[in-house]
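*Asks:* My questions will all concern the structure given below.
The values are calculated or read from the model by the stated rules, or taken from the named source; none is laboratory data. Predicted, not measured: the structure shown is a model, and the values here were computed from it. Positions of Cβ are backbone-derived with ideal geometry, glycine not excepted, and every protein chain shown enters the neighbour counts.
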Amino acid sequence: MARSTKVSHAIQRLKERSQNPLYSMVTMADGRFYLILQGDEQAAPLNAPMEMDEFVAFVNNLHKQAPKKASKLDVAFEAKLQTSKSRER
């Protein structure tokens, strides 16, 4: 059960990053996974069947990762660095 949960979470993150709810995974009888984009009558696989860790890495590399969250202090510090760099010129 933990195997498919790890893959399911990767697919859910992909859906959120891409803002496309039509991504889905297919589990093969031998335990490998592949990605499809639903909506087509005959959805073609988007990758060759992969083992779990390889598949999760593949899915995580699709679309940009969500930006890292920064606190107000981090943002203010970055702005101060930018202004000080522009003054040095």
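*Asks:* Among the residues of the stretch 39-79, which ones are touching a strand residue (DSSP E or B) at 6+ places or on another chain (Cβ under 6 Å) and over 16 Å from Val7 (Cβ atoms)?
*Replies:* Matches in the stretch 39-79: Ala43 only.
*Asks:* Where residues in the stretch 15-50 are loosely packed, with under 13 Cβ neighbours inside 10 Å and charged (D, E, K, R), which of them is modelled with the highest pLDDT?
*Replies:* The first filter runs over the stretch 15-50 and keeps only residues loosely packed, with under 13 Cβ neighbours inside 10 Å, leaving 16, 19, 21-22, 26, 28-31, 38-42, 44-45, 48.
Now narrow it down to the ones that are charged (D, E, K, R): 16, 30, 40-41.
Working: Glu16: 91, Asp30: 94, Asp40: 66, Glu41: 71.
Going through the qualifying residues, I end up with Asp30.
Residues are listed down the side, and each one gets a yes or a no for (1) outside any helix (DSSP H, G or I); (2) touching a Phe, Trp or Tyr at 6+ places or on another chain (Cβ under 7 Å):
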| position | (1), (2) |
| --- | --- |
| Ser4 | no, no |
| Ile11 | no, yes |
| Leu14 | no, yes |
| Pro21 | yes, no |
| Tyr34 | yes, no |
| Ala43 | yes, no |
| Phe55 | no, yes |
